[in-house]
Amino acid sequence: MSGGEVVLLGSGAADGWPNPFCECASCTAAARSGQVRAQTSALLDGRLLLDCGPETPRGAVRAGRSLAGVRHLLLTHSHPDHLGPAALLFRHWAGRREPLDVVGPADVIAQCRPWAAPDDPVRFIEVAAGDEVTLGGDDGLPYRIRVLAAAHAVWSEGDAVLYDVERVGAGHRGGPGRILWATDTGPLPAPTLRAVAGARFDAVFLEETFGDRADLHGGHLNLTTFPRALAELRRCGAVGDATRVVAVHLSHHNPPPDELARRLAEWGVLMGEDAMSVPLPVPGAGRQTGVEPRPGGARPRRTLVLGGARSGKSTLAEETLADRADVTYLATGGHGRGDAEWLARVAAHRERRPASWRTVETTDVAGRLRAATGPVLLDCLGTWLTARIDRHAAWDGGPLERVEADVDELVAAWRACPVQAVAVSNEVGSGVVPATASGRLFRDLLGRLNARIAAESDSVVLVVAGLPTRLR
C-alpha cells in the first residue's frame with residue numbers, strides 16, 4: 001500500500017494572496033512572481049477533503065487532482081472561505097452515487113443539508129471539540145478523526161474546530177500517517193494541546209494569517225504567535241524532528257513570499273503553496289526516519305547576527321529561536337541601575353521575549369556556552385566586550401592581553417558549543433573613525449571579535465534597516 005499524500009488545493013486566506021483589490025508591496029511581489037494562492041483546503045489520499053470553500057473545486061482541477069474519489073469531507077467552520085456547500089450540488093450533477101460523509105460543527109451541517117438531493121448518499125455528522133469518529137474502512141484504510149478546539153469563532157465560541165486525522169490500519173493504532181489540520185485559529189487552546197500531546201504528527205498544517213500585524217484580532221496567528229504555537233507543539237510532543245510543518249492560510253499581511261519563506265525556514269517550516277504535495281509514510285511500515293522537514297537542510301548550530309544601532313538585529317535573533325520554548329537568554333548588558341533610559345531598553349527586550357525563556361544576566365558567556373543543554377541567545381558581544389575591558393581597566397592602559405585572553409576563551413567556547421546558539425553583535429566597521437582613543441580601541445577589538453566569531457559560525461547575517469542579508 002502506498003504512503004499517500006496531502007495535496008494543498010489552496011494555501012491562502014479568505015481573500016487569497018495577492019488580494020486582487022490590493023496594491024501593497026506584498027501583493028505586488030506575489031503577483032509579479034506568479035505566486036497566486038487560493039483559499040486554504042487540502043486533499044488527503046484523494047479520499048478525504050479538508051475544508052471546501054468556493055475556490056476548492058477549481059483548485060483541485062488546477063492541481064491536476066480529481067474530487068471524484070472523495071468519501072469524507074471535514075469542515076472546520078462556516079466562514080465562507082472554508083464552506084462552499086454548492087460543491088455538493090456539483091457532485092450531484094456529476095452523478096456520483098458513492099457514499100459521502102460530511103463532518104462539521106452544527107451550523108456547518110445546517111448550511112450543507114439544503115445542497116444535497118434527497119436521494120444523495122450523503123451522511124451528515126455533526127461534531128464538536130472533544131468528539132472522536134472513525135470514517136471509512138470499506139473502500140480502504142479507515143481514518144480516526146479527533147475533533148479539537150480552535151481559538152476562532154464565527155458566531156460564538158465553539159463553532160469552529162480543528163482536526164487530528166489519523167490513518168488507521170489493523171494492529172497499528174498510533175501508527176504512521178497522522179496529520180493536524182489547524183486552520184483557522186489563534187494561539188492553540190490548552191485542551192487542544194493536551195489532546196495532541198505525544199502525537200508526533202507526520203505533518204502539521206498550521207495557519208499563519210496576520211504576518212507582522214499585531215493590531216488585529218486574536219482569531220488568527222501572526223509571525224509572533226505562530227512560532228510560539230509551534231514551540232508549544234514541540235514541547236508537548238505533538239511535533240517531532242521528522243514532522244513536516246507547513247504554514248497555510250497565508251495573506252498579504254505577511255511580507256513578500258521570498259521573505260516569508262526565509263523567515264519560516266528559520267523554524268523548519270515550509271511555506272504552503274497551491275498544489276504542494278506533502279507525502280505521508282507507508283501504513284504499517286513504522287515511522288519514517290531520515291525525513292528532512294527543514295527547507296534547505298538542518299538549522300545552523302551557530303548563528304551570528306550583525307547590525308547597526310536600531311537595525312533590528314536583536315529582533316531577528318529572537319525570531320530565529322521563537323519556535324523554541326527552552327531558550328536561555330544570556331543578557332550581557334548589566335543591570336543599568338540608575339539609568340532610566342537603559343532600564344527602559346532592557347524592559348522592552350524582556351517584554352517581547354516568550355515567557356518560557358530563561359534570562360541570565362552574566363558576562364561569563366564562555367562558561368554558559370560550554371554548560372548549555374538547550375538553545376542559547378547571546379545579546380550582545382558589544383556589551384560583553386565592554387564589561388571585559390572594564391574588568392581589566394584596559395580603557396586606561398590596563399593589561400590588554402587579559403581582554404584578548406577572554407576573547408580567546410569565548411571564541412573557543414563558541415566553537416565547541418554543543419547546542420544551537422545565536423549571538424548578536426554591533427557592526428562597527430562602517431562608521432566614522434572614533435574621535436577618542438577609547439572609542440578606537442573598542443571599535444578595533446569588537447571588529448576583530450566579530451571576525452573571529454563569524455569564522456566559527458555556520459550562518460552570518462547582516463541586518464540593515466530591518467532587512468537581513470545572508471553573508472554565509
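Derivation of every value follows stated rules applied to the coordinates shown; laboratory data play no part. What you see is a predicted model; the values in this text were computed from it and never measured. Here the Cβ is made from the backbone with ideal geometry for all residues, glycine too, and neighbour counts use every protein chain on show.
Once every DSSP H run of n ≥ 4 in the chain is given -39500 (n - 2.57) and the sum is divided by its residues, what mean residue ellipticity at 222 nm do you get, rounded to the nearest 500 deg cm²/dmol?
Per the formula, -8500 deg cm²/dmol.
Mind jotting down the three principal axis lengths of the chain based on Cα atoms? Whole angstrom, largest first.
94, 51, 38
In whole Hz, what ³J(HN,Hα) sequence does the stretch 128-136 give by Karplus (6.51, -1.76, 1.60; θ = phi - 60°), x for Gly and Pro?
Result, ordered by residue: 9, 3, x, 6, 9, 9, 10, 10, x Hz.
Per residue, how big is the convex hull of the stretch 5-279 when only Cα atoms are used? Give it in Å³.
Working: hull volume 33.3 nm³, N = 275.
Residue-normalised Cα hull volume stands at 121 Å³.
Sorted by mean Cβ packing within 10 Å, highest first, what order do the peptides 36-42, 112-118, 374-380 take? Please report the intermediate quantities before stating the final value.
Values: 36-42: 26.0, 112-118: 13.7, 374-380: 22.3.
Top to bottom by mean Cβ count within 10 Å: 36-42, 374-380, 112-118.
So what's the gap between the Cα centers of the stretch 3-26 and the stretch 173-220, to the nearest angstrom?
Taking the Cα centre of each part, the stretch 3-26 and the stretch 173-220 sit 18 Å apart.
Rounded, prolate or oblate for the stretch 339-472? Axes are the square roots of the Cα gyration tensor eigenvalues, ordered a ≥ b ≥ c, and the cut-off for rounded is a/c under 1.5. Kindly include the intermediate steps, with their values, before the conclusion.
Details: a/c = 1.31, a/b = 1.23, b/c = 1.07.
Because its axes are fairly even, with a/c under 1.5, the stretch 339-472 counts as rounded.
In nanometres, what is the gap between the two model label sites at Asp241 and Thr315, each 7 Å from Cα along Cα-to-Cβ?
Each label point is offset 7 Å from its Cα along the Cβ direction, giving 3.4 nm.
With a 10 Å Cβ neighbour count serving as the proxy for reagent exposure, in which order, fewest first, do Trp17, Trp357 appear?
Values: Trp17 26, Trp357 19.
Exposure proxy ranking, most exposed first: Trp357, Trp17.
Net charge around Trp384, counting only other residues with Cβ within less than 12 Å of its Cβ (Lys, Arg = +1; Asp, Glu = -1)?
On the way: positive: Arg368, Arg388, Arg391; negative: Glu361, Asp364, Asp379, Asp390, Asp406, Glu409.
For residues surrounding Trp384, the net value is -3.
Using DSSP, restrict attention to beta bridges with both residues in the chain and report what percent are antiparallel, rounded to the nearest 5.
Values: 31 of 80 bridges.
Roughly 40 percent of the DSSP beta bridges within the chain come out antiparallel.
What whole-number value in cubic angstrom gives the convex hull volume per residue for the C-alpha atoms of the stretch 1-134? Could the numbers behind the result be given before it?
Working: hull volume 18.6 nm³, N = 134.
Here the figure is 139 Å³ per residue.
Just the number, please: percent antiparallel of the DSSP beta bridges in the stretch 12-82, rounded to the nearest 5. If you can, show how the numbers build up before the last one.
On the way: 4 of 8 bridges.
For the stretch 12-82, the DSSP antiparallel bridge percentage is about 50.
For the stretch 407-465, place one equal point scatterer on every Cα, skip the solvent, and apply the Debye formula. What is log10 of I(q)/I(0) at q = 0.14, 0.19, 0.23, 0.26 Å⁻¹?
Scattering profile of the stretch 407-465, log10 relative to I(0): -0.46, -0.77, -0.99, -1.14.
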